[in-house]
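Here is the structure we will look at.
The values are calculated or read from the model by the stated rules, or taken from the named source; none is laboratory data. Please read these numbers as outputs of a predicted model, since none were measured by experiment. Cβ atoms come from the backbone with ideal geometry, glycine included; neighbour counts cover every protein chain shown. We work out accessible area using only protein heavy atoms, side chains counted, and drop any ligands, DNA or RNA first. Shrake-Rupley method; radii C 1.70, N 1.55, O 1.52, S 1.80 Å.
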Amino acid sequence: IFLCGYTETPPNTRIKKASINTVELTEWEHFDDAKSAILHLKSYILNLKVIAIEQSAKSIPYTKANYELPIVLVVGNETHGVSKEVLEMADQIVELPLFGINISLNVMVSLAIILYKSLEKNT
């Protein structure tokens, strides 16, 4: 997991509690911004596709996305989402169809759904 920008990083009691003590089992690295993390990954993973999870005029339904590996999934923060700069770097922008008044899901819920879909397509 690459954590970017201003965000909580381990060791942190809130992360430890939320992860039910599994934080020690997860490898992570911090980058100043998502662009730097993507460029780092692209420097050693050939044909890496960037999939941003964001509501955008350019987004497609997550069910229509190409999850062929290798991919990196990018989520933004709850308030500002994925930056325009990173959206421009993305090979695909996907979103989940939402209905009703509040047309937004928690970032981690959205990521979990997309992770499940990508695993489904690659197993």
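State in Å² the accessible area per residue of the stretch 23-123; use a 1.4 Å probe, count heavy atoms of protein chains only, and round to the nearest integer.
I get 68 Å² per residue for this part.
Could you please state how large a percent of the accessible area of the chain is carbon and sulfur, counting protein chains only and using a 1.4 Å probe?
Taking all protein chains in place, the chain shows 57 percent carbon and sulfur surface.
For an R0 of 30 angstrom, estimate the FRET efficiency from the Cβ-Cβ distance between Asn66 and Thr13 and round to the nearest 0.05.
Efficiency, from the Cβ-Cβ distance: 0.15.
Could the peptides 23-31, 53-61 be put in order, highest first, of the mean number of other beta-carbon atoms found within 10 Å of their residues?
Answer by packing, highest mean first, reads 53-61, 23-31.
For volume of the Cα convex hull per residue in Å³, one of [x] 116; [y] 133; [z] 158 was computed from the structure I shared and the rest are decoys. Which label?
Of the labelled values, this structure produces [y].
What is the gain in length, in nm to one decimal, between Ile1 and Thr26 on full extension, counting 0.36 nm per residue of separation less the C-alpha to C-alpha distance?
Result: 8.2 nm gained on full extension.
Compute the distance from the alpha-carbon center of the stretch 1-72 to that of the stretch 87-112, in whole Å.
The stretch 1-72 and the stretch 87-112 have Cα centres separated by 14 Å.
Which length gain, in nm to one decimal place, applies between Thr123 and Ala57 when the Cα-Cα distance is subtracted from 0.36 nm times their residue separation?
20.7 nm
Which value, in debye to the nearest 20, gives the size of the charge dipole of the chain about its Cα centre, when Lys and Arg are +1 and Asp and Glu are -1 at the Cβ?
With Lys and Arg at +1 and Asp and Glu at -1, about 240 debye.
For the chain, give me the percentage of DSSP beta bridges that are antiparallel, rounded to the nearest 5 percent.
Antiparallel bridges: around 10 percent, rounded to the nearest 5.
Need one word for the stretch 46-116: rounded, prolate or oblate. Basis is the Cα gyration tensor (sqrt eigenvalues a ≥ b ≥ c); a/c below 1.5 gives rounded, then a/b vs b/c decides.
Verdict is prolate for the stretch 46-116.
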